[in-house]
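Note sheet for the following structure.
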Amino acid sequence: GEQVEQRPPHLSVREGDSAVITCTYTDPNSYYFFWYKQEPGASLQLLMKVFSSTEINEGQGFTVLLNKKDKRLSLNLTAAHPGDSAAYFCAVRKNSNNRIFFGDGTQLVVKP
Amino acid sequence: DPKIIQKPKYLVAVTGSEKILICEQYLGHNAMYWYRQSAKKPLEFMFSYSYQKLMDNQTASSRFQPQSSKKNHLDLQITALKPDDSATYFCASSQDPRNTEVFFGKGTRLTVV
């Protein structure tokens, strides 16, 4: 089955710095890619979904880059602020079924 | 205002006992799922249901049995509990099985002692 490796497991940055989280996956048939944010005691919140035809997506304060050739997905939080402190998970799904495979997560801490 | 309600939030159980984790969604979705997150593994897919029917099952053990009494309910019964079952169990839902947007509940943290 699919294997998703997420790095780093822990990340600490200063307010205003950028924070980059990267995932690599193994299955070339993966078609949908997701980033979720989970604050303490809360559910997973979908930040962005990316399809195979999309390489760069920009959201509010972050950019998602998909490189299908390298099977790499990254989340770049630009100018991070303390409210971005949370666990972030990448996730990958094939087109053929609805199983979502998650990375191990990255615990991000943004210090003021 | 949570639209996917999981109960209880925390649960402590004795080895060998049986527990039921409750999940209700008020999003009008037709597909529901269970995922498990333990200390040693990432979030793992367990089951998917669509229109109250089992669509996909990744759980090897028959000790885990989903139960869907209503379209917006998908409970998880776990029998003969073991310490290795200790994890946070997340319920999720989507409009239908092919919909890529999956919404998650807050989870039930189960500890088996």
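The values are calculated or read from the model by the stated rules, or taken from the named source; none is laboratory data. All values reported here derive from a predicted model rather than from experimental measurement. So basically every Cβ, Gly included, is an ideal-geometry build from the backbone, and we count neighbours across all protein chains shown. These area figures cover heavy atoms from the full protein model, side chains too; ligands, DNA and RNA do not enter into them. Shrake-Rupley method; radii C 1.70, N 1.55, O 1.52, S 1.80 Å.
Some notes on this structure:
- Computed on chain B, with alpha-carbon pairs under 8 angstrom and 6+ residues apart, the relative contact order is 37 percent.
- Note on the protein assembly as shown: Cα-only Rg and Dmax are 17.5, 51 Å.
- Out of every Cα-Cα pair that the range B:69-113 contains, those further apart than 11 angstrom amount to 74 percent.
- For chain B, the Cβ-based charge dipole about the Cα centre amounts to some 160 debye (Lys, Arg positive; Asp, Glu negative; other atoms uncharged).
- A:VAL92 - accessible surface, heavy atoms, 1.4 Å probe, Å² rounded to 10: 0 Å²
- Just so you know, the averaged projected area of the alpha carbon convex hull for the range A:1-57 sits at 5.4 nm².
- Here chain B has an Rg and Dmax of 13.1, 38 Å, counting Cα atoms alone.
- Over all orientations, the range B:15-76 has a Cα convex hull whose mean projected area works out to 4.9 square nanometres.
- Separation of the range B:7-25 and the range A:1-45, taken as the distance between their Cα centroids, equals 28 angstrom.
- Average accessible surface area per residue within chain A, 1.4 Å rolling probe, Å²: 49 Å²
- The Kirkwood radius of the range A:24-92, taken over pairs of alpha-carbon atoms, gives through the Stokes-Einstein law at 37 °C and 0.692 mPa s a diffusion coefficient of 260 µm² s⁻¹.
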